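The values are calculated or read from the model by the stated rules, or taken from the named source; none is laboratory data. If you're wondering where the values come from, they're calculated on a predicted model, not measured in any experiment. Neighbour counts run over all protein chains shown; Cβ positions are idealised from the backbone, glycine included.
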Amino acid sequence: MKKIFLISLISAGLSFFTYGQQKLTKKEATKILTQTWSCVKANDTAGFIKTWAIDDKQWPYHAGKKFTNDDVKINFGDFKKYFAEPLSKGLKFDATECDTLSKDDPHYDFSKYYIRAWFKLADNSRKGFGFYMDYVGDKWLARFSPDYSNEAAKK
């Protein structure tokens, strides 16, 4: 009887400790990246804005400025310009990634995950975008500006 009580107590303690903690899976990350890319392809600024956390958190490295809907709209325009080639060619993702941030990452204070999608442009090059993700209001939302990358394609 004591063993059953002890096991129940430990289980309840573990359940309490993990309650509210969220884990972003690669499948969920790919879904978020796909939805965001669909907004870009459809020129859906409103849908793009809905994927971002807009709140009172200060935008890192921008002199304490708040990140606003206007910033997302500017990013949307930049996004379309930067990815003009994948858009015009109707490219699909070559790869997606979902990484957990370490506590020493400077973005850790406002985000626990970093997700990224890649487009293969040629045999030796690819272009990608990424977001720092935060769990806000029971859903995953991007924080602040997207990242853009160019690199030689991995073989």
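Would you point out the residue of the stretch 96-113, among those that are of a type in the set (S, T, N, Q) and loosely packed, with under 15 Cβ neighbours inside 10 Å, that is nearest to Lys31 (Cα to Cα)?
Thr100
Can you name the residue in the stretch 1-52 that is modelled with pLDDT of 90 or more and of a type in the set (A, V, I, L, M) and is also nearest to Lys92 (Cα to Cα) among such residues?
Only one residue fits best here, namely Leu33.
Show the residue pairs that are 6+ apart or on different chains and have beta-carbon atoms under 7 Å apart, the first residue being within the stretch 49-68 and among the aromatic types (Phe, Trp, Tyr), the second being surrounded by fewer than 16 Cβ atoms within 10 Å (Cβ to Cβ).
Between residues of the stretch 49-68 that are among the aromatic types (Phe, Trp, Tyr) and residues that are surrounded by fewer than 16 Cβ atoms within 10 Å (Cβ to Cβ), the close pairs are Trp59/Lys65; Trp59/Lys66.
So, in the stretch 83-95, exactly how many residues are part of a helix (DSSP H, G or I), among the hydrophobic types (A, V, I, L, M, F, W, C) and surrounded by 12 or more Cβ atoms within 10 Å (Cβ to Cβ)?
So the answer is 1.
With the requirement that a residue be buried (at least 16 other Cβ atoms within 10 Å of the Cβ) and hydroxyl-bearing (Ser, Thr, Tyr), what does the stretch 114-131 give you?
Tyr114, the sole residue that qualifies.
Could you say whether any residue in the stretch 59-66 is small (Gly, Ala, Ser), over 17 Å from Ala142 (Cα atoms) and in contact with a strand residue (DSSP E or B) (Cβ under 7 Å, 6 or more places away or on another chain)?
So far as the stretch 59-66 goes, yes, one or more of its residues are small (Gly, Ala, Ser), over 17 Å from Ala142 (Cα atoms) and in contact with a strand residue (DSSP E or B) (Cβ under 7 Å, 6 or more places away or on another chain).
If a residue has to be outside any helix (DSSP H, G or I) and closer than 23 Å to Leu24 by Cβ to count, how many in the stretch 62-82 make the cut?
Residues that pass the stated criteria total 1.
For the stretch 49-81, give me each residue that is crowded, with 16+ Cβ neighbours inside 10 Å and of a type in the set (Ser, Thr, Tyr).
Thr51
Yes or no, residue by residue, for (1) closer than 14 Å to Thr34 by Cα; (2) at pLDDT 90 or above; (3) of a type in the set (Asp, Glu):
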{"site": "Lys65", "(1), (2), (3)": "no, no, no"}
{"site": "Thr68", "(1), (2), (3)": "no, no, no"}
{"site": "Lys73", "(1), (2), (3)": "no, yes, no"}
{"site": "Ala84", "(1), (2), (3)": "no, yes, no"}
{"site": "Ile115", "(1), (2), (3)": "yes, yes, no"}
{"site": "Ala122", "(1), (2), (3)": "no, no, no"}
{"site": "Gly130", "(1), (2), (3)": "yes, yes, no"}
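Residue-wise test of (1) under 19 Å from Phe110 (Cα atoms); (2) among the aromatic types (Phe, Trp, Tyr).
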| position | (1), (2) |
| --- | --- |
| Ile32 | yes, no |
| Cys39 | no, no |
| Asn43 | no, no |
| Ala46 | no, no |
| Phe76 | no, yes |
| Lys80 | no, no |
| Pro86 | no, no |
